[in-house]
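Please treat every number below as a calculation from the coordinates, not as lab data. All values reported here derive from a predicted model rather than from experimental measurement. As a convention, Cβ positions derive from the backbone with ideal geometry for all residues, glycine included, and neighbour counts pool all protein chains shown.
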Amino acid sequence: MKKKVTGAKAATDASKTLKSDSTSPTSKTAAGSALSQTKAPKKVTSVKAATAASKVLTDGRTSKTSKSAAASALSQKTSTHALRTKGIGARGPKK
């Protein structure tokens, strides 16, 4: 499987989202995740950041800039199928 990284446009949008005073904490969580994966193909989006990104994408009040960053973060999430095959559920490793 090819590892994904955040592209230049999404990284710029993530930066703008993080700098904005009017952006919600949810949008900033998703943007921070996207920005942290700019040159890091081994990093994946956490469950918390993926949930935030999903909320950003479904909220009609969110700007295109924030949605771009959220979409990038969400596209870099490890699939739940991949986690289950490694014995990791949505709430972490089996105990």
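Label the range 1-42 by shape, choosing from rounded, prolate and oblate, from the square roots a ≥ b ≥ c of the eigenvalues of the Cα gyration tensor; if a/c is under 1.5 it is rounded, and otherwise prolate applies when a/b is larger than b/c, oblate when it is not.
prolate
Sort K48, K28 by Cβ crowding within 10 Å, fewest neighbours at the top.
With the fewest neighbours first, K48, K28 line up as K48, K28.
Just to be sure I understand the model, the point goes 7 Å from the Cα along the line to the Cβ. What's the resulting K16 to V47 distance in nm?
3.3
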